[in-house]
Each structure stands twice: as C-alpha cells, then as structure tokens.
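The values are calculated or read from the model by the stated rules, or taken from the named source; none is laboratory data. Please read these numbers as outputs of a predicted model, since none were measured by experiment. When we count neighbours, we look across all protein chains shown, and the Cβ atoms used for this are built from the backbone with ideal geometry, even at glycine. Surface areas here come from the heavy atoms of the whole protein model, side chains and all, with no ligands, DNA or RNA. Shrake-Rupley method; radii C 1.70, N 1.55, O 1.52, S 1.80 Å.
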Amino acid sequence: MLQLKEALQFLRDNDLKTIIARMNARDTHPFIQFLKYVVCGLGATFVHHGIFFLLSYTVIPAMGGM
C-alpha cells in the first residue's frame, strides 16, 4: 500500500514530460511499470481485434459481411 501511495504522489508532483521520461527508465516504480504494461496490452488488444473484424468483414467474410 505504501508503494501505491508513493507512485500516486510521484504522479501528482511531476509534469507529463518528467513522468514520460521516468517511464522510459529501467528503474521505474513497479506500479508505473504495471500501468505501462496495461496500456500497451490494451492497445495491442484493440489493434488486434480491429484488424480481425476489418478482415473478417472484407477479405475473408467470416462474420457474414459480403
């Protein structure tokens, strides 16, 4: 719980440029690393599903598109 409070305090105390620079560092706080992986994972999931539905409606009509 203390680590969560420290991470939230860091986010409140710094500007966006500092936060992004810190996220790219190797010794980032574990909570911020977790958030980074969540954002990347959700982004990859949305891109994957978007491509799947686009192709299933157009190229390979698996979803009843054409």
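Descriptive notes on the structure:
- Identity of the residue in the stretch 27-58, within 18 Å of residue 10 (Cα to Cα) and in a helix (DSSP H, G or I), that ends up most open to solvent (accessible area, probe 1.4 Å): 34
- Restricting the first member to the stretch 2-23 and to residues that are in a helix (DSSP H, G or I), and the second to residues that are among the charged types (D, E, K, R), the beta-carbon pairs closer than 8 Å and six or more apart or on different chains are 10/22; 23/36.
- Each residue in the stretch 1-17 was checked for being open to solvent by less than 70 Å² (accessible area, probe 1.4 Å) and more than 18 Å from the chain's Cα centre (by Cα), and 3 pass.
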